[in-house]
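What follows is one structure encoded as structure tokens, with my remarks underneath.
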Amino acid sequence: MDFHLSEEQLELKEMAREFAEKRLYPRAMEFDEEEAIPAELIQECGELGYFGFLTPEEYGGLGLGCSAFMGALEEICAGCAAFGIMLSVHNSLCCEIINVFGSDELKQKYLPAMASGEKIGAYCVTEPDAGTDVASLSTRAEDKGDHYLLNGTKTFVTNAGLAGVLIVFAKTDPEAGRDGISCFVVDSDSEGITLGQQEKKCGIKASDLREISLVDVKVPKENLCGKIGEGFRMALTILSSGRIGVSFQAVGIARAAFEEALKYSQERKQFGQEICNFQAIQFKLADMATQIDAARLLGYRAAQLKDAGEPCHRQASMAKLFASNMAQMVCNEAVQIHGGYGYIKEYAVERYFRDARVTELYEGTSEAQRMVISRDLLKE
Ligand SMILES: Cc1cc2nc3c(=O)[nH]c(=O)nc-3n(C[C@H](O)[C@H](O)[C@H](O)COP(=O)(O)OP(=O)(O)OC[C@H]3O[C@@H](n4cnc5c(N)ncnc54)[C@H](O)[C@@H]3O)c2cc1C
């Protein structure tokens, strides 16, 4: 496989780096403390086209592939991981499910406003009693002739308070298990939708996370995305894109932590010399850099398979499993290299350490990734 990015992909990555360094990194701690992303930055990002990375140009997007998006996402997550997950959920999950499975009518209706950032997407799978076991979800969608009626509660919804469009998975046939789940595109201002309070989190605190309750929400028939009963398979297919996104989020956080640690080790003096002169620190830096590179390569392998239209479930899960674990290790070592200062909020590694943790939890826990990988291995 050729892991070189094209000139166009490199240019996009460079633009994203500039945006992240100038607009995100300097204020990331402020966003963390205020637990919000400022509206003007979201608008700015919309003007740059970042809400339409994967959306075809005919629907107002940039029409780029997964590899190109991932190059940019790494940079954005290095600047602010909470900002990065907002973009990843919107592009890799919400726009992508409409891109891949939606009717032409649905694409016309939603993608242009989503690609411009006017309508942000939220992906609603998880419920209070249905996490890893997605097939056990109980939100109900009843066919009422000219519309569907949705009832249920979705929990842990990223972007919930910002979203104009909700991608909701619900049971259309409760007796049919995973074959009874369908996917709906729901306007967030529909009657019967109530948002919960923003959740207080350990990391990525600026990311908006809430419960959403749906009571007798009327959804037009044409807002069914894909075929009836295909929702479970669609959710898993699209989650592969999301998992590649989370792997690059982990790479971005880890790289930023590594860069801080490298710099600090060249400045901090103990025993009359810079601490980078001690082999114990040098070996930490060597391991950190090696693990980051390995995670990035696994991520690009999955992204390239996806761009080539080849199956990539296993490779996406491997990339996420490895990168999220790597990010814990790298951020932990970055704190260690900073000594006591690494535990103080004034130093960015404290935030990276907190932000990295979630990459092992969402879009499938590490255990869920191992289930996907081992099932695939045993099938062969
Ligand atoms: C910050 C954040 C943002 C999120 N954003 C979204 C979102 O936008 N949309 C959305 O739908 N969801 C979202 N989620 C939910 C997330 O995807 C779930 O938390 C995750 O899938 C795990 O589900 P759970 O929390 O119910 O854990 P559970 O499924 O209850 O798992 C608990 C533990 O048991 C393990 N486990 C479960 N089943 C097995 C098994 N068969 N074998 C071995 N171990 C097992 C799990 O790995 C875990 O360690 C978000 C979560 C967080 C924390």
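Rounded, prolate or oblate: pick one for the range 238-380, where a ≥ b ≥ c are the square roots of the eigenvalues of its C-alpha gyration tensor, a/c under 1.5 means rounded, and failing that, prolate if a/b is larger than b/c, else oblate. In terms of gyration-tensor shape, prolate. Whole-Hz Karplus values for the range 137-148 come out as 4, 10, 4, 10, 10, 9, 7, 10, x, 9, 7, 9 Hz, taken residue by residue from phi with 6.51 cos²θ - 1.76 cosθ + 1.60 and θ = phi - 60°; glycine and proline positions read x. Taking the 1.4 Å solvent-accessible surface of the range 292-380 as the whole, the part contributed by carbon and sulfur is 57%. Phi angles of the range 342-358 translate, via the Karplus equation with coefficients 6.51, -1.76, 1.60 and θ = phi - 60°, into HN-Hα couplings of x, 9, 9, 4, 4, 9, 4, 4, 4, 6, 4, 4, 6, 5, 5, 4, 5 Hz per residue; Gly and Pro are given as x. Computed as a quarter of the hull surface, the mean projected area of the alpha carbon convex hull for the range 1-107 stands at 7.5 nm².
Dividing the helix sum by the residues of the chain, where each DSSP H run of 4 or more adds -39500 (n - 2.57), gives a mean residue ellipticity at 222 nm of -16000 deg cm²/dmol. Using a cut-off of 22 Å between alpha-carbon atoms, which lysines can reach Lys107, once sequence neighbours fewer than 8 places away in the same chain are excluded? The reachable lysines, counting only those whose Cα sits under 22 Å from Lys107, are Lys119, Lys218, Lys221, Lys227, Lys306. Amide H contacts of Thr55: Leu62, Gly63, Leu64, each under 5 Å away and 5 or more positions distant or on a separate chain (H built 1.01 Å from N in the peptide plane; Pro and chain starts excluded). Each of Ile244, Ile281 has its accessible area taken with a 1.4 Å probe; listed largest first, they run Ile281, Ile244. With 0.36 nm allotted per residue and the present C-alpha distance subtracted, the Leu195-Asp287 stretch has 28.8 nm of extension available. Averaging 1/r over each pair of different alpha-carbon atoms in the chain and inverting the result gives 21.1 Å, the Kirkwood hydrodynamic radius. Between Asp104 and Asp143, the modelled labels are 2.5 nm apart [label points 7 Å from Cα along Cα→Cβ].
Specify whether the C-alpha gyration tensor of the range 19-76 places it in the rounded, prolate or oblate class, a ≥ b ≥ c being the square roots of the eigenvalues: rounded for a/c under 1.5, otherwise prolate if a/b is larger than b/c and oblate if not. In terms of gyration-tensor shape, prolate. Nonpolar atom fraction for the range 121-228, defined as the carbon and sulfur part of the 1.4 Å probe accessible area, stands at 45 percent. Rounded to the nearest Hz, the phi-derived 3J(HN,Hα) couplings of the range 187-198 under the Karplus curve 6.51 cos²θ - 1.76 cosθ + 1.60 (θ = phi - 60°) are 6, 5, 8, 5, 4, x, 9, 10, 9, x, 5, 5, where x marks glycine and proline. Sequence-distant contacts, meaning Cα pairs under 8 Å at least 6 residues apart, place the relative contact order of the range 121-228 at 31 percent. Computed from Cα atoms, the angle from the helix 66-79 axis to the main principal axis of the chain rounds to 60 degrees.
With respect to the chain, whose longest principal axis is taken over its alpha-carbon atoms, helix 313-337 is tilted by about 40°.
The values are calculated or read from the model by the stated rules, or taken from the named source; none is laboratory data. Model, not experiment: these values are computed from the prediction. Ideal geometry is used to build each Cβ from the backbone, glycine not excepted, and the neighbour counts take in all protein chains shown. Please note that ligands, DNA and RNA were not included when accessible areas were found on the heavy atoms of the full protein model with its side chains. Shrake-Rupley method; radii C 1.70, N 1.55, O 1.52, S 1.80 Å.
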